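**Q** Here's a structure for you.
Values in this text are rule-based calculations from the coordinates and carry no lab data. Quick caveat: nothing in here was measured; it's all calculated off a predicted structure. We place every Cβ from the backbone using ideal geometry, glycine too, and count neighbours over all the protein chains shown.
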Amino acid sequence: MSLRWRLNLLIAGLNLGFLLVLAWLLVNNHRESIREEIEAAHRVTVQMLGTAAQTSSVFGPPDTVMVAFLQSVGRVRANEIRLIGTDGRLLFGSPPSEYKAGRTAPAWFAELMRPTLDATVIALPGARVEVVPDPSRAILDAWDRMVLIVLVGIGFVALLHTALLYALRHLLQPTEADARRLVATTRELAQNREVTRLIHAGVEDERKRLARELHDELGQSVTAIRLVAATIERGGALPVSQGAARIDAIAASMYDSVHRIVRELRPAALEQQDLRAALLDMAREWQLHHPAIEFEMHLEGDLADLGEEPTLAVFRSVQEALTNVAKHAAARQVALAVVRGDAGLDVAISDDGRAGAASLGGSGRGLGGMRERIMALGGRLEAGELPDGGFRVAIHVPMPEGAP
């Protein structure tokens, strides 16, 4: 996660905490205000009705006088008033409140804000007056104020958060760019170290291979020449002419072996920087050693005079890919296509063997070494499995402007 996103999450968390604290303070403040308001209204209402109940008998039957009084008073804010006769019949009930009629606060909010207050009963001859505290309108007022304050708070926090994010984006832009460059540089260094390790390992393997071939072929040939020369020197049964012929044949075989090794190290066609000739020579040699694998090659465009580095890089990459196909892919068919176009040189090596084995070469050196060679020329290498099985390596090498 980037530094900018971490700071964004931190600021968002702080803003959310601020809103929660603000809401908690508002709830406590409104709850206390509602309790004080309802207590005061209830106390005044009880005093007023108590006085009316004491004097009602002066003007006639107390229950009839009280009904007339309550009807003239109507609804008293924050209280529900009921006049109940001795027979349990409701003589009077407070009319519905017209203040914000039809609206109520959410049940959970009403339960949170409702104060705990008991009803008051006033007795009079023939009836009783019940005064029940009713905080519903005060709670609805508190809800409306809370909604307004929270909406304003959310808007303010959103505006502040947006402004901070905008400022952070500009403030941290150089830092993030530096961090990206550092990550890219570190990755490149790691890749270079790995490629260097693979190159050293490849050089060591090539030395071992050359040592084996020199020992197995040249060493045995030299030993045979010495044996023939020793036989002739001792005047043995081998005539001089026959011995000379044997030495000549062995020397010719040695020459062929040395010539083959030299061609593997650097084909003669590369001296003239002719990629077509070098690939044709390599294909003939490869097919001689792997006759069981069907090989198809397509060469298109002018592949001569590409330049020493592109010619050598493409040749070695194709050589590495075909070597790994033969050693690791267990393929039956291999196709090589090299096309020179206006955009540059495109090379594709595909096989029907085990996916990935041909390019990875078991040890992982094949693909890394090839990619390093091509990237050094500003090109790209892509490798992946084919839909129907097998593996494909695609190489693109740009040609400089003015190249033939």
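**Q** Please compute the length gained on full extension between residue 22 and residue 342, using 0.36 nm multiplied by the number of residues separating them and subtracting their Cα-Cα distance. Can you show the working numbers first?
**A** Working: separation 320, 0.36 × 320 = 115.20 nm, distance 6.79 nm.
Fully extending the segment from residue 22 to residue 342 adds 108.4 nm.
**Q** Sticking with this one: Express in nm, to one decimal, how much length is gained between residue 59 and residue 316 on full extension, taking 0.36 nm for each residue of separation and deducting their alpha carbon distance. Spell out each step's value before the answer.
**A** Values: separation 257, 0.36 × 257 = 92.52 nm, distance 12.24 nm.
Between residue 59 and residue 316, full extension yields an extra 80.3 nm.
**Q** Along Cα→Cβ, 7 Å out, is where each label goes; now give me the distance between the ones at residue 5 and residue 39 in nm to one decimal.
**A** Each label point is offset 7 Å from its Cα along the Cβ direction, giving 5.3 nm.
**Q** Please give the length that would be gained between residue 385 and residue 121 if that part of the chain were fully extended, namely 0.36 nm times their separation in residues minus their C-alpha to C-alpha distance (nm, one decimal).
**A** Working: separation 264, 0.36 × 264 = 95.04 nm, distance 8.93 nm.
Once the chain is fully extended between residue 385 and residue 121, it gains 86.1 nm.
**Q** All other residues with a Cβ under 9 Å from the Cβ of residue 333 taken together, and with Lys, Arg as +1 and Asp, Glu as -1, what is their net charge?
**A** Numbers: positive: 332; negative: 294, 296, 351, 352.
Net local charge, residue 333 excluded: -3.
**Q** How many nm is it between the label spots at residue 292 and residue 159, if each spot is 7 Å from the Cα in line with the beta carbon?
**A** 8.0
**Q** First select every other residue whose beta carbon is under 14 angstrom from the beta carbon of residue 388; then total the charges, Lys and Arg +1, Asp and Glu -1.
**A** 0
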